[in-house]
Structure formats: C-alpha cells, structure tokens
Amino acid sequence: MLDIKKIRNNTDDVLKALSKKDNDISLNDILDLDSKLKSLTTKLNELQAEQNSKSKEVGQLKSKGESSDDIFKDLKVLSEKIKAFEKEQKELSSALKKALLEIPNIPHSSCPEGVNEKDNIVVSENKNTRDFNFPLKDHIELGEKLDILDFEVAAKMSGSGFPLYKGNGALLERALINFMTDYHLKNFDYTEFFTPFLVKPESALTTGQLPKFSEDMYHIEKDDLYLIPTAEVSLTNIHKDDILSSNELPKYYLGYSACFRREAGSYGKDTRGLLRVHQFNKVELVKFVEPTKSYEELDSLVNQASNILDLLELDYRVIELCSGDLSFAAAKCFDLEVWSPGEEKWLEVSSCSNFEDFQSRRGNIRFKNSNGEIDFVHTLNGSGLATPRIFAALLETHQNEDGSVRIPQCLQPFMGISEIK
RNA sequence: GGAGGCAUGGCAGAGCGGUUGAAUGCACUGGUCUUGAAAACCAGCAAGGGUGCAAGCCCUUCAGAGGUUCGAAUCCUCUUGCCUCCGCCA
C-alpha cells in the first residue's frame with residue numbers, strides 16, 4: 001500500500017513511477033476521496049470537540065447538583081449531526097482504503113525500464129558446464145524410467161498438476177527441502193518456522209495476494225481460509241500489527257511450506273511434468289529490515305539463494321526484472337533461473353524481492369528506531385528455493401547415458417546414496 | 001460440536017455511564033548522586049489523524065463490529081481470540 005500522503009503531495013512523481021509498471025493507473029478517485037475525507041474529518045473534529053467540552057460541563061453541573069437542561073438541548077442536536085458525519089466518514093475511509101489496496105508498488109529507480117520479460121536484464125549466467133555426448137532425456141522420461149515420479153496416479157486422485165513422488169523420488173524431494181533448510185540455518189542467521197498452510201484473508205492482504213489476485217489461490221469457502229501460495233504469506237504475517245524495536249532488526253525468517261497455486265489462466269503453458277504444478281514445496285526466506293538497509297539485504301538474499309544452486313551443481317542465471325515485469329507488491333526483484341537441458345529452457349526457481357514498505361503498510365508492521373520514532377519496516381523475501389523445477393533440472397543435468405542420475409555431493413548426506421538408478 | 005469464564009498501554013493490573021487516554025507496579029529512557037556500576041531519588045514514557053516553523057492545541061482508539069444514551073473502557077447484541085470442563089479425534 002502506498003502512503004496516501006505521498007500520493008497527495010507528490011502526485012505527478014507517483015503517477016510517473018507507477019506508469020513504469022502499469023500504464024493504466026489513475027489516482028483521480030483516490031485523490032478525490034482523500035480530499036473529501038479530509039474536509040469532512042476537519043468538520044467532524046470541530047463538532048466532536050464541542051460535544052466533548054459540553055459533555056464535560058454536564059458532568060460538572062451534575063456533580064454540583066445543578067440543572068443542565070439547556071446544554072442538553074444543544075447536545076441532542078450535536079449528537080445527531082455527529083452520527084451522520086461519522087457514518088459518512090466511515091464510508092469514505094473504507095472506499096479510500098479499498099482503492100489504495102488496488103494500487104501496485106512503485107518500482108525502485110534502479111529497475112531497468114521495460115514492458116515485459118523481454119526487457120529483463122541478465123545479470124550473470126553460467127551454462128553448459130557439462131558436455132553431454134549422448135541423447136538427453138527430459139525429467140519426465142527419467143522420472144518414469146527410474147520409477148520416482150508418477151503423474152498419472154497423481155492425476156487419478158487429484159487431477160492434473162499434482163506431482164506424486166515415489167521411492168527415491170520422495171527421498172530426493174525431502175532431501176532437497178532438508179538440505180536447503182539446513183544450509184540457510186547453518187550459514188546465515190535465520191530462525192526456522194513451520195507455519196500454518198491456511199490463512200485468513202487479511203493475511204493474504206498483507207502480502208498483496210488479496211484483493212486483486214484471489215483467483216490465483218485456493219479458497220476454503222466454508223471457513224473463509226486461503227491455502228498459502230507461498231510461506232511468504234504466513235512468515236510475513238508473524239509480525240502483523242507489531243512494533244519491533246530497532247535492536248531486534250534485522251529479523252531473518254525461514255520456513256518450509258507446501259505451496260498451492262491455482263495457476264488459473266495458465267492452461268496449456270508448461271503443462272508437462274514438474275514445470276508448473278498446483279502444489280509444490282518451497283523453502284522461503286523472509287527478512288524484516290530497517291529501510292536504509294533493504295537494498296544491501298536484497299543483494300545478500302540473492303546470494304544466499306544462488307549458493308544453493310552452486311552446491312547442487314546446476315547451471316543458472318540471475319535476472320534483474322524490468323519495471324513492467326515486476327509483481328504487484330515488489331519494488332525491485334531478481335529472479336534465479338535454472339537451466340533445464342531436457343527442455344532446453346531456463347526455469348524460474350526463485351524470485352527475490354524487496355517490497356520496501358508496501359507490505360508493512362498493509363500489515364501494519366513497524367519498528368521504533370533509536371530516536372524513538374516509529375516507521376514501517378522494509379520486508380523482503382526470496383525462495384530459497386522451490387523444489388519442482390530444481391528436481392527436474394537436477395535429473396536432467398546429472399543424468400547419465402544409461403538413465404541413472406548422479407546425486408550431487410551436498411545431497412548425499414540427506415539421502416544416503418550417491419546415485420538414483 | 002456442547003457448557004462456562006476472560007479480553008484495558010511493552011508486561012502485570014485498577015477502573016461508580018459524566019474534567020479517564022485511562023490509577024498503581026514492573027520494564028524502558030533521561031537526569032541527580034557515584035571513580036564506575038548498583039541502589040535511591042527526580043522526570044519522561046501508547047498509537048493514528050488534523051493543525052502549526054515550533055512549543056502546543058484538537059480529534060479518534062480500552063479485542064473487532066453494531067446498538068442503547070445528550071454522554072460508554074464501564075450497559076446490551078453479534079463476531080473473533082484465549083482459558084476451563086464435556087464429547088469426538090491424528
């Protein structure tokens with residue numbers, strides 16, 4: 001959520017910055033509601049002040065045992081007026097809030113300008129570290145041959161887009177989760193959480209999935225709960241409505257979760273295998289930091305996530321997203337993409353974003369700095385990482401001619417085997 | 001799922017329907033004292049909005065939403081959360 005004061009006082013700058021993300025945004029309704037609300041509030045406050053002082057008078061007179069009938073007449077009229085004003089104020093402020101929640105975050109000035117993913121910038125790339133001298137199989141073929149993935153049986157029970165891992169496949173999946181979790185815990189200062197997978201609407205509002213993207217999430221109607229599309233939602237909401245003290249910042253949180261996405265509107269895209277699924281596993285990293293530190297924290301977040309790919313001996317590249325390709329809530333974002341030799345495509349496995357104060361305003365997550373002033377924290381998050389595409393890339397990258405797959409060193413302690421065959 | 005109890009500031013804990021944004025204690029911050037620290041004493045200490053250069057002034061907020069009343073932390077209704085008991089259950 002953007003600061004209404006910023007919109008009010010720097011309308012042109014805000015609009016210009018927003019247009020880099022989305023050319024179609026108008027702030028007119030918001031400005032209109034804001035000025036109406038402001039003048040109404042001023043009038044209301046005056047009436048309330050009058051009511052307060054007269055009510056106090058009544059109390060004083062009463063304690064002296066004197067009559068207060070004249071004041072009563074005034075108060076009765078005032079009371080009616082105030083009630084009408086309050087009602088109007090409530091309507092205006094909820095309309096304003098609703099409108100504000102629909103406005104995306106402003107891209108950071110360092111974001112390359114652009115319209116879509118074609119304008120993204122490749123920051124770094126390492127590829128073709130391995131020469132294959134045999135015909136490659138893709139992960140679906142490998143998964144079937146090794147009897148570690150079964151999409152048909154999964155579809156039988158849940159429909160398409162739900163993976164079923166079997167035997168060493170289940171072991172590999174679990175090893176990936178444990179390896180990534182342990183790596184971040186051991187090497188960086190993260191606190192581990194295991195969060196709920198179902199959250200209230202207001203939690204999804206904090207992180208920005210609601211109100212605009214309700215179609216992307218699974219919703220349990222009976223209880224009005226949403227299945228989390230990422231642990232970002234639950235991890236970020238740990239501090240909803242909190243005022244943290246500056247000496248407890250930065251806070252680094254980590255959590256594994258299953259992630260659920262309807263992927264509405266993406267039918268026909270990446271439908272095969274593990275590339276786009278409705279349920280997947282992810283280790284998520286979330287940071288709560290002081291505003292002045294958030295960009296260096298973004299850099300370290302990208303590094304932390306990429307280290308995993310190095311250790312898994314996978315080819316990957318780092319992409320800096322252009323303004324037009326940024327998500328709704330992000331001010332700046334780097335994606336990590338892993339190379340899939342079977343698909344001959346780059347696959348997004350992590351998205352590391354700085355949301356600045358966009359989420360913290362929505363969730364009212366603040367901190368008190370050393371001067372005693374209260375301000376919104378900056379939040380960041382990054383996948384560290386999402387498993388299915390890694391699973392696929394790993395099978396394809398480390399496959400041998402006979403269809404067996406080498407397990408990289410870092411995973412072996414978690415699996416107890418050095419290859420799947 | 002059934003029955004009951006509770007919900008106040010960072011925490012603990014007062015609070016008759018009327019000068020209560022809220023006593024008190026702890027914590028915290030500043031000061032005095034001390035070589036330093038502790039103790040003691042003094043002072044400050046909620047958030048949001050408006051207005052003002054500022055000091056300040058005004059408004060709102062006692063889980064949330066409604067209601068009664070000229071006036072609600074205080075009375076009523078609903079919702080949510082926590083606790084206790086019963087049922088069910090991995």
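The values are calculated or read from the model by the stated rules, or taken from the named source; none is laboratory data. Since we're looking at a predicted model, the values are computed, not measured. Using ideal geometry, Cβ is built from the backbone for each residue, glycine included, and neighbour counts are taken over all protein chains shown. What goes into the accessible areas is simple: the full protein's heavy atoms, side chains included, and nothing from ligands, DNA or RNA. Shrake-Rupley method; radii C 1.70, N 1.55, O 1.52, S 1.80 Å.
GNM on chain A, C-alpha springs below 10 Å: top fluctuator among A:ASP216, A:ASP315, A:ASP74?
With Cα springs under 10 Å in chain A, the top fluctuation among A:ASP216, A:ASP315, A:ASP74 is at A:ASP74.
As I understand it, the dipole of chain A uses +1 on the Cβ of Lys and Arg and -1 on the Cβ of Asp and Glu, about the Cα centre. Which of A:LEU40, A:LEU18, A:TYR256 lies farthest toward its positive end?
A:LEU40
Among A:GLU192, A:GLU57, A:GLU290, whose mean-square fluctuation peaks in a Gaussian network model of chain A (Cα, cutoff 10 Å)?
Between A:GLU192, A:GLU57, A:GLU290, it is A:GLU57 that shows the largest mean-square fluctuation.
Among the aspartates and glutamates, select those whose C-alpha is under 16 Å from the C-alpha of A:LYS38, and discard any that sit fewer than 8 residues away in the same chain.
A:ASP3, A:ASP29, A:GLU46, A:GLU86, A:GLU88, A:GLU91
Based only on Cα atoms, what Rg/Rh ratio does region A:28-101 have, Rh being taken as Kirkwood's radius? Intermediate results must be reported in sequence, preceding the final value.
Values: Rg = 16.6 Å, Rh = 14.0 Å.
Rg/Rh for region A:28-101 comes to 1.19.
Between beta-carbons, use under 11 Å as the cut-off and find the net charge around A:GLY342, counting Lys and Arg +1, Asp and Glu -1. List each step's numbers first, then the result.
On the way: positive: A:LYS137, A:ARG272, A:LYS345; negative: A:ASP138, A:GLU141, A:GLU343, A:GLU344, A:GLU396.
Once positives and negatives cancel, what remains is -2.
Check A:LEU275: other-chain or 5+ apart residues with amide H under 5 Å from its amide H, H built from backbone geometry?
When sequence neighbours closer than 5 places are left aside, there are no close amide H contacts.
Past 20 Å, Cα to Cα: identify those pairs from A:LYS137/A:LYS421; A:LYS20/A:LYS200; A:LYS127/A:LYS186; A:LYS56/A:LYS90; A:LYS36/A:LYS56, in the order given.
In this structure, A:LYS20/A:LYS200; A:LYS127/A:LYS186; A:LYS56/A:LYS90; A:LYS36/A:LYS56 lie more than 20 Å apart at Cα.
Rounded to the nearest 10 Å², what accessible area does A:SER63 show when all protein chains are kept and the probe is 1.4 Å?
100
Please list, in order along region A:379-396, the HN-Hα scalar couplings obtained from phi with the Karplus expression 6.51 cos²θ - 1.76 cosθ + 1.60 (θ = phi - 60°), rounded to whole Hz, x for Gly and Pro.
Per-residue couplings from phi come out as 10, 9, 7, x, 6, x, 9, 8, 7, x, 6, 5, 3, 5, 5, 5, 4, 6 Hz.
Sorted by accessible area with a 1.4 angstrom probe, largest first, how do A:ASP29, A:ASP242 fall?
Final ranking, largest accessible area leading: A:ASP29, A:ASP242.
On a 0 to 90° scale, report how tilted helix A:168-187 is relative to the longest principal axis of chain A, with both axes built from alpha carbons and the result rounded to the nearest 10.
60
With +1 on the Cβ of every Lys and Arg and -1 on the Cβ of every Asp and Glu, and nothing else charged, how large is the dipole of chain A about its Cα centre, in debye rounded to the nearest 20? Please report the intermediate quantities before stating the final value.
Numbers: 53 positive and 70 negative charges, 262 e Å.
Computed charge dipole of chain A: roughly 1260 debye.
Take chain A, connect every pair of alpha-carbon atoms lying under 10 Å apart with a spring to form a Gaussian network, then pick out the residue of A:GLU66, A:GLU320, A:GLU50 with the largest mean-square fluctuation.
Judging by the Gaussian network model, the answer is A:GLU66.
Between the helical axis of A:28-64 and the dominant principal axis of chain A, each derived from Cα atoms, what acute angle in degrees is found, rounded to the nearest 10?
50
Which percent of the accessible area of region A:117-420 is formed by carbon and sulfur heavy atoms (probe 1.4 angstrom)? Write down the numbers at each step before the final one.
Details: 5830 of 12950 Å².
Answer for region A:117-420 is 45 percent, counting heavy atoms of protein chains only.
Taking amide hydrogens as modeled 1.01 Å from N in the peptide plane, which residues meet the under 5 Å criterion relative to A:VAL115, leaving out close sequence neighbours?
Amide H neighbours of A:VAL115, under 5 Å, 5+ apart: A:GLY324.
Would you work out what percent of the accessible area of region A:28-101, with all protein chains in place, is carbon or sulfur (probe 1.4 Å)? Numbers along the way, then the final one.
Values: 2670 of 5220 Å².
Roughly 51 percent of what the probe reaches on region A:28-101 is carbon or sulfur.
With a 1.4 Å probe and all protein chains kept in place, how do A:SER294, A:SER214, A:SER160 rank by accessible area, largest first? Don't jump to the answer; show the numbers that get you there.
Values: A:SER294 0, A:SER214 40, A:SER160 90 Å².
Final ranking, largest accessible area leading: A:SER160, A:SER214, A:SER294.
Mind grabbing the accessible area of A:HIS239 for me, 1.4 Å probe, Å², rounded to tens?
20
I'd like the accessible area for A:ASP119, computed on protein heavy atoms only with a 1.4 Å probe and all protein chains in place. Round to 10 Å², please.
The accessible area comes out at roughly 60 Å².
List the aspartates and glutamates whose alpha-carbon lies under 12 Å from that of A:LYS251, not counting same-chain residues fewer than 8 positions away?
By straight Cα distance, A:LYS251 reaches A:ASP189, A:GLU192, A:GLU290, A:GLU297.
Helix-only estimate, please: 222 nm mean residue ellipticity of chain A, summing -39500 (n - 2.57) across DSSP H runs of length 4 or more and dividing by its residues, to the nearest 500.
On the way: 13 runs with 172 residues, N = 421.
Only helices count here, giving -13000 deg cm²/dmol.
Sorting check: for A:396-406, A:344-354, which peptide has the highest mean count of neighbouring beta carbons within 10 Å, and how do the rest follow?
Numbers: A:396-406: 17.8, A:344-354: 21.5.
Answer by packing, highest mean first, reads A:344-354, A:396-406.
Under a 1.4 angstrom probe, counting protein chains only, how are A:GLU173, A:GLU144, A:GLU263, A:GLU313 ranked by accessible area, largest first? Before the final figure, lay out each step's value.
On the way: A:GLU173 10, A:GLU144 135, A:GLU263 40, A:GLU313 75 Å².
Descending accessible area places them as A:GLU144, A:GLU313, A:GLU263, A:GLU173.
Return one number: the angle in degrees, 0 to 90 and rounded to the nearest 10, between the long axis of the Cα atoms of helix A:294-311 and the longest principal axis of the Cα atoms of chain A.
20
Within 11 Å, Cβ to Cβ, of A:VAL283, how many net charges do the neighbouring residues add up to if Lys/Arg are +1 and Asp/Glu are -1?
Working: positive: A:LYS282; negative: A:ASP182, A:GLU192, A:GLU284.
Here the count lands on -2.
Averaged per residue, what accessible surface does region A:68-192 expose to a 1.4 Å probe, in Å²?
Working: 7720 Å² over 125 residues.
Value returned for region A:68-192: 62 Å² of accessible area per residue.
Please give the net charge around A:ASP138, taking every other residue with its beta carbon less than 9 angstrom from that of A:ASP138, where Lys and Arg add +1 and Asp and Glu add -1. Before the final figure, lay out each step's value.
Values: positive: A:LYS137, A:ARG272; negative: A:GLU141, A:GLU343, A:GLU396.
Around A:ASP138, the surrounding residues sum to -1.
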